[in-house]
Structure formats: C-alpha cells, structure tokens
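These notes concern the structure reproduced below.
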Amino acid sequence: MKQYTEEQLYGAAFSSLPSIGPRRIRRLVSSIGSCKGAWHEKMEDHANTLGISLELARTLEGEKARFDWD
C-alpha cells in the first residue's frame, strides 16, 4: 500500500473542495508555503491573495470544516 506524505494528503483535500481550483490552490500554497499550512489558515485572511470574495472565503471554510478525512 502506498504511503502518502501529509503534504500530498492536504493537497488532495484542497483539490476535492468544489469552491477552489488548482490555480488558486497554487497561489495560496505559494503565499503560505505548504498545503498543510494553508489548510489550517482562515481563508478569509487570504481572500485578496486568492482573488476571491469574503463570501467565497467563508464557503471554503465551511467546506474545509465538513471535509471527511476518512
């Protein structure tokens, strides 16, 4: 069975969220430094970096909160 790094798992988690695409994920990770670090940040604090509205940032927060790690 293949072992995945935490970074790969957080990247996959971001990729599964319907409200954010690969370009914005790259922008966010570039700004913060890692997928794991980005996951634990409040999206509202990075709305400008992502080029999204505060409303969409809140939607992303809700999607992250409902994400099933199992």
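The values are calculated or read from the model by the stated rules, or taken from the named source; none is laboratory data. In this text the structure is predicted, and so the values were computed from the model without any measurement. For neighbour counting, all protein chains shown are included, and Cβ atoms are generated from backbone atoms with ideal geometry for every residue, glycine included. Just so you know, the surface numbers come from the protein's heavy atoms only, side chains and all, with ligands and any DNA or RNA stripped out. Shrake-Rupley method; radii C 1.70, N 1.55, O 1.52, S 1.80 Å.
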Completion exercise
Sorted by accessible surface (1.4 Å probe, heavy atoms of the protein chains only), largest first, Y10, Y4 come out as Y4, Y10
Practice task
For the chain, just the Cα atoms, rotate onto the principal axes and tell me the three extents in Å, largest first.
Solution key: 40, 24, 17
Problem - Cβ-derived FRET efficiency at R0 25 Å, Q8 paired with D68, nearest 0.05 - result: 0.90
Completion exercise
The answer for the chain, accessible area per residue at 1.4 Å probe in Å², is 67 Å²
Fill in the blank from the handout: Ranking W39, W69 from most to least accessible area with a 1.4 Å probe gives W69, W39
Exercise for the section: Using Cα pairs closer than 8 Å and at least 6 residues apart in sequence, work out the relative contact order for the chain, in percent. Expected result: 31 percent
Handout entry: Length released on extending from S53 to S31, taking residue separation times 0.36 nm less the Cα-Cα span
Key = 6.2 nm
